[in-house]
1. When you count, for each residue, the other Cβ atoms within 10 Å and take the mean per peptide, how do 27-33, 312-318 rank with the highest first?
2. Please compute the modelled spin-label separation between residue 38 and residue 138, points set 7 Å along Cα→Cβ, answer in nm with one decimal.
3. Taking 7 Å along the Cα-to-C-beta vector as the label spot, tell me the residue 233-residue 320 distance in nanometres, rounded to one decimal.
4. With each pseudo-label sitting 7 Å past Cα toward Cβ, what's the residue 241-residue 88 distance in nm, one decimal?
5. What is the order of 278, 76, fewest Cβ neighbours within 10 Å to most?
6. Is the shape of region 230-280 best called rounded, prolate or oblate, per the rule: a/c under 1.5 gives rounded, else a/b larger than b/c gives prolate, else oblate, with a ≥ b ≥ c the square roots of the Cα gyration tensor eigenvalues?
7. Assuming 0.36 nm per residue, please report the length gained on full extension of the stretch residue 252 to residue 211 beyond their Cα-Cα distance.
Amino acid sequence: MLLAPTPDATERGASADGVGLVGLVVFARLPVPGRVKTRLAAGVGADAACTWYRACAHHAIDQAARCSCWADVAMYHSSADDTADVEAWLGGEGLSVPCRPQLGVSAAAPAAPPPDLGAKMRAAMCEAQQRLLAARAAGAAERQPQRSGQQQAGDKVAGRGAALQAEQQLGMEPRAKVIITGTDIPDVSERLLHLAASALDSYDMVIGPSADGGYYMLGLTSVAAQLFEDMPWSTDVVLSETVARAAAAGLRMAPLDTLPQLRDVDTVQDLAEWVAGYNCPRAADAGLALPQGDTSHSDWTPRKQSLLELSRSILASAGKQ
């Protein structure tokens, strides 16, 4: 049975004053052996790595889809993947979320270097934010008393001019809550996504630190360019550099322990350490321990149970456990 499709942002989610809707961006790739999780494949084989990524992506997208009652959820796939193929993949797994391509090489400038991860992330977050702002503007217009067409046109021009002037004076992007996450973090959950969204009620930025020195989730109320440009992606300084840049930009950042440190799986060692984490006492302290006969816990679902069992099987087959 398909999950209910994510409604358009203009149809749900905003509170009476137009605030409350959150943009939720999920980055993913179409699971094809040899094209996903290549570093993991070096340890377990391309087919096993692809099987694992497919299961982890299903879990992550399912958790995001559960947020559709309060978020405008969209999955952004690699520009190398065909959107129809991505939709067919998700539909076959009972997942129904809007799919959009990530920023790719411009047709107008095919010789230009391809956009890096930062450019893709920023473009997707800005697009999600613009959908929210458009929904907010539409909701505000519906609540206004009926005026003549000429008066309404004048109001819109004046409003846009005032908003643009304010943004230029502040040197900031328009403000609306937007969160981005990936699909190779086994412990990502609806609860953590909601926690990040709640933090943005009080802060400009919230970040979920990953064990490798990067981050698995980023929430912003203003998509500041300096957080994405010329970033040393895929290194162990991404988190510290992002935090430093946010401080330099004057962003009010939620405490680093607002979201727990999680592990994204890139290598066979990452996978083995994630599985081992469920077999040690500290897993219970971190809220990650297996529930005793209770699969209703928001962080534990049948998909995640299957992912853990699959991970153990893959490691055993590769002689890594």
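1. Highest-to-lowest ranking by the protection proxy: 27-33, 312-318.
2. 4.0
3. For the pair residue 233/residue 320, the computed spacing is 2.3 nm.
4. A separation of 3.9 nm, rounded to one decimal place.
5. 278, 76
6. oblate
7. Going from the current span to full extension adds 12.4 nm.
We did not get these values from a lab; they are worked out from the coordinates using the rules stated. Predicted model only: the values in this text are computed from it and were never measured. Positions of Cβ are generated from backbone atoms using ideal geometry, with glycine treated the same way; all protein chains shown enter the neighbour counts.
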